[in-house]
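Notes to accompany the following structure.
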Amino acid sequence: MAATRSVMRAVRVFEFGGPEVLKLQSDVLVPVPKENQVLIKVHACGVNPVETYIRSGTYARKPALPYTPGSDVAGVIESVGEQVTAFKKGDRVFTLETLSGGYAEYAVAAANRVFPLPDKLDFKQGAAIGVPYFTAYRALFQKGCAKAGESVLVHGASGGVGLAACQIARACGLKVLGTAGTEEGMNMILRNGAHQAFNHRDPNYTERIKACTGPGGIDIIIEMLSNVNLDADLQLLSRAGRVMVVGCRGRIEINPRDTMSKESSIIGVSLFLATEEERHECATAVLDGIEAGWLKPVVGLEYPLEKVAKAHEDIICSSGARGKMVLLL
């Protein structure tokens, strides 16, 4: 007689659309790890804006339906597949990706996308590491070629990727400027690596940035909302400056001549396109940062799994981000 498989609660998407297509089900089979995979009992899962784009069906990458969203989980190893030697049952871990989806009580991940979670960080913080910190490192160094002594403006710095960029850039010797939409967000930026903070709701904030940087301009801009800011970003850059497009929610008109006058660059950033070697480099930098103590994820809004649709609504429509949004299980 075959053994019965255990079931779990998990969010399932059966059709692309608005937040209402996120369906919490209680009878989903617990996945079984295959060779070079691990099964994680999920304690927390990060929510990323890209997951809302994928759910809506407007993103370039479309998973096969039905699927469970979520990549950044933190939890405890429940079991391991064959060939896995780096982890054992009971280990605290966080992930960069999952294979079965992170909005669930259990998730399967490839062992090489799983990393040890030190005791100094809790599970909520663990769920705030993967996509934000790997993306920030990729934007700054792998694509932006940042160097100590250069200046960086993090646009939308109070969100998950923004705070990660501030912490990494400060630790690596850059002059860090950040923008946020609230006083609380600005204070959070200053506590997490920014030398100066600006309110991007202030109509004159770009002039304040120019006054701060002087005629030299800014070397690198990490841009979370390029459909709003890209035209103004090009006016802020230094000679050979570069805008790293991390986030975009629509179209924008720019004058390409603005790039010619300074030989500046607009560079798209996608963690999905990172090579194995680049992911390993990101992981090394992230784990070193945790050990050194400067990598301290900031957890923002927290939601139970039952409120996942509200989380997806809020991450796009909220008035100002303050840390990484997480689901708690």
**OP:** Looking only at the stretch 1-40, count how many residues are crowded, with 19+ Cβ neighbours inside 10 Å and either in contact with a His (Cβ under 7 Å, 6 or more places away or on another chain) or of a type in the set (Lys, Arg) (or both).
**Re:** 1
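May I ask you to say which residue of 41, 62 is touching a Phe, Trp or Tyr at 6+ places or on another chain (Cβ under 7 Å) and basic (Lys, Arg)? Step through it out loud before you land on a result.
On the way: 62 fails: touching a Phe, Trp or Tyr at 6+ places or on another chain (Cβ under 7 Å).
Within the list 41, 62, the selection yields 41.
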**OP:** With the checklist (1) of a type in the set (A, V, I, L, M, F, W, C); (2) in contact with a Ser or Thr (Cβ under 7 Å, 6 or more places away or on another chain); (3) outside any helix (DSSP H, G or I); (4) at negative phi in hand, flag the one item residue 240 doesn't pass.
**Re:** (4)
**OP:** Determine whether the stretch 313-327 contains at least one residue that is of a type in the set (A, V, I, L, M, F, W, C), closer than 21 Å to residue 114 by Cα and either open to solvent by 30 Å² or more (accessible area, probe 1.4 Å) or out of contact with any Phe, Trp or Tyr (no Cβ under 6 Å at 6 or more places or on another chain) (or both).
**Re:** yes
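Any residue at all in the stretch 316-328 that's in contact with a Cys (Cβ under 7 Å, 6 or more places away or on another chain) and either outside any loop (DSSP other than H, G, I, E, B) or among the hydrophobic types (A, V, I, L, M, F, W, C) (or both)? Lay out the reasoning, then the answer.
As a first pass, look at the stretch 316-328 and keep what is in contact with a Cys (Cβ under 7 Å, 6 or more places away or on another chain): 326-327.
If we keep only those that are either outside any loop (DSSP other than H, G, I, E, B) or among the hydrophobic types (A, V, I, L, M, F, W, C) (or both) as well, we get 326-327.
Scanning the stretch 316-328, I find at least one residue that is in contact with a Cys (Cβ under 7 Å, 6 or more places away or on another chain) and either outside any loop (DSSP other than H, G, I, E, B) or among the hydrophobic types (A, V, I, L, M, F, W, C) (or both), so the answer is yes.
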Original post:
From the list 146, 164, which residue is assigned to a helix (DSSP H, G or I) and either more than 22 Å from residue 270 (Cβ to Cβ) or in contact with a helix residue (DSSP H, G or I) (Cβ under 9 Å, 6 or more places away or on another chain) (or both)?
Top reply: 164
Subject >> Failed condition for residue 103, given (1) in contact (Cβ under 8 Å) with a residue 60 or more places away in the chain; (2) over 25 Å from residue 8 (Cα atoms) >> reply: (2)
Original post:
Can we say residue 253 is out of contact with any strand residue (DSSP E or B) (no Cβ under 7 Å at 6 or more places or on another chain), farther than 23 Å from residue 157 by Cβ, assigned to a loop (DSSP other than H, G, I, E, B) and free of Cβ contacts under 8 Å to residues at least 24 places away in the same chain?
Top reply: yes
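Quick one: which residue in 53, 59 is without any contact (Cβ under 8 Å) to a residue 60 or more places away in the chain and part of a helix (DSSP H, G or I)? Reasoning before the result, please.
Values: 59 fails: part of a helix (DSSP H, G or I).
Selected residue: 53, the only one of 53, 59 that is without any contact (Cβ under 8 Å) to a residue 60 or more places away in the chain and part of a helix (DSSP H, G or I).
Give the residues of the stretch 64-77 that are touching a residue at least 24 places away in the same chain (Cβ under 8 Å) and surrounded by fewer than 18 Cβ atoms within 10 Å (Cβ to Cβ), sorted by residue number. Please lay out each step first, then the result.
Pass one, the stretch 64-77, residues touching a residue at least 24 places away in the same chain (Cβ under 8 Å): 65-77.
Of everything in the stretch 64-77, those that are touching a residue at least 24 places away in the same chain (Cβ under 8 Å) and surrounded by fewer than 18 Cβ atoms within 10 Å (Cβ to Cβ) turn out to be 65, 66, 67, 76.
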**OP:** Name every residue in the stretch 223-238 that is within 18 Å of residue 213 (Cβ to Cβ) and in contact with a Gly (Cβ under 8 Å, 6 or more places away or on another chain), in order of residue number.
**Re:** 223, 236, 237, 238
**OP:** State whether the residues of the stretch 175-193 include one that is of a type in the set (S, T, N, Q), open to solvent by 20 Å² or more (accessible area, probe 1.4 Å) and in contact (Cβ under 8 Å) with a residue 24 or more places away in the chain.
**Re:** yes
Subject >> Residue satisfying all of: in the stretch 264-292; in a loop (DSSP other than H, G, I, E, B) and free of Cβ contacts under 8 Å to residues at least 40 places away in the same chain; surrounded by the fewest Cβ atoms within 10 Å (Cβ to Cβ) among these >> reply: 275
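The values are calculated or read from the model by the stated rules, or taken from the named source; none is laboratory data. Only a predicted model underlies this, so the values are computations on that prediction, with no experimental measurement involved. Methodologically, a virtual Cβ is constructed for each residue, glycine included, from the backbone with ideal geometry; neighbour enumeration extends over all protein chains shown. Ligands, DNA and RNA are stripped out before the accessible areas are found, and what is left, the full protein with its side chains, is counted by its heavy atoms. Shrake-Rupley method; radii C 1.70, N 1.55, O 1.52, S 1.80 Å.
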